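Have a look at the structure below, then the notes.
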Amino acid sequence: DGSIACWGRNNDGQAPPDGVPGVFIAVAAGGEHSLALRRDGSIACWGRNQFDQAPPGGMDGDFVAIGAGMYFSVALRRDGSIACWGRNDEGQAPPDGVEGGDFVAIAAGWRHSLALRRDGSIACWGRN
């Protein structure tokens with residue numbers, strides 16, 4: 001039905017036992033927050049938000065993929081650009097996004113992120 005089932009530690013609301021209602025097409029689990037991509041391209045966020053990595057109102061946009069790191073989030077827009085928000089102490093979530101465009105996939109790690117370009121090359125940023 002497109003809703004999300006959650007389990008595990010829920011000390012900050014990152015895994016509500018009743019799940020998350022809605023119609024979603026992708027999910028991402030961060031350190032203590034979670035994200036879900038809606039069909040309309042917007043993002044739902046829940047869990048710990050001390051670095052604005054999971055704004056309770058979610059994120060509006062035309063997103064096609066999401067990633068959640070330790071205290072940050074990344075999202076791929078339909079136009080191939082990347083949005084980042086949350087903790088950026090090691091360059092893992094530059095507030096202006098990532099230069100280079102034409103990305104087709106993203107992934108977030110503990111304090112770093114990766115993105116695959118259409119030409120097959122990979123961009124990496126954050127803690128090395």
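Rounded to the nearest 20 debye, the dipole magnitude of the chain is 240 debye, with +1 charges on Lys and Arg beta carbons, -1 on Asp and Glu beta carbons, and the Cα centre as origin.
Accessible area of region 39-89 with a 1.4 Å probe: how many percent of it is carbon plus sulfur?
Of all accessible area on region 39-89, carbon and sulfur atoms account for 45 percent.
What full-extension length gain, to one decimal in nm, is calculated for TRP7 and ASP62 as 0.36 nm per residue of separation minus the Cα-Cα distance?
That pair, TRP7 and ASP62, stretches by 17.0 nm at full extension.
What the phi angles of region 16-24 give under the Karplus curve with 6.51, -1.76 and 1.60, with θ = phi - 60°, is a coupling list of x, x, 8, x, 10, x, x, 10, 10 Hz, glycine and proline written as x. Ranking ALA68, PRO21, GLY101 by how far each Cα lies toward the positive end of the dipole of the chain (charges on Cβ) leaves ALA68 at the top.
For region 67-114, just say rounded, prolate or oblate: build the C-alpha gyration tensor, square-root its eigenvalues into a ≥ b ≥ c, call rounded for a/c under 1.5, and beyond that prolate if a/b exceeds b/c, oblate if not.
prolate
When ASP102, ASP79, ASP12 are compared by accessible area of protein heavy atoms, the largest-first order is ASP79, ASP102, ASP12, using a 1.4 Å probe.
Considering Cα pairs under 8 angstrom that are at least six residues apart, work out the relative contact order of the chain and quote it in whole percent.
15 percent
Of the trypsin sites (Lys or Arg not before Pro) found in region 72-126, those in coil by DSSP whose Cβ has at most 16 other Cβ atoms within 10 Å are ARG78, ARG118.
Tell me, what is the percent relative contact order of region 51-96, built from C-alpha pairs under 8 Å that lie six or more residues apart? Please list the in-between numbers first.
Details: 76 pairs, mean separation 14.8, N = 46.
Relative contact order here is 32 percent.
Charging the Cβ of each Asp and Glu at -1 and of each Lys and Arg at +1, and nothing else, the dipole of region 61-128 about its Cα centre rounds to 200 debye. Find out how many positive minus negative residues lie around ARG87, taking Lys and Arg as positive, Asp and Glu as negative, among other residues whose Cβ is under 10 Å from that of ARG87. Net charge in that neighbourhood comes out at -2. Given a 1.4 Å probe, how much area per residue of the chain is accessible, in Å²? Accessible surface, normalised per residue, equals 53 Å².
The values are calculated or read from the model by the stated rules, or taken from the named source; none is laboratory data. Quantities reported herein were computed from a predicted structural model and do not represent experimental measurements. Ideal geometry is used to build each Cβ from the backbone, glycine not excepted, and the neighbour counts take in all protein chains shown. Calculation scope for accessible area: heavy atoms of the full protein, side chains included, ligands and nucleic acids excluded. Shrake-Rupley method; radii C 1.70, N 1.55, O 1.52, S 1.80 Å.
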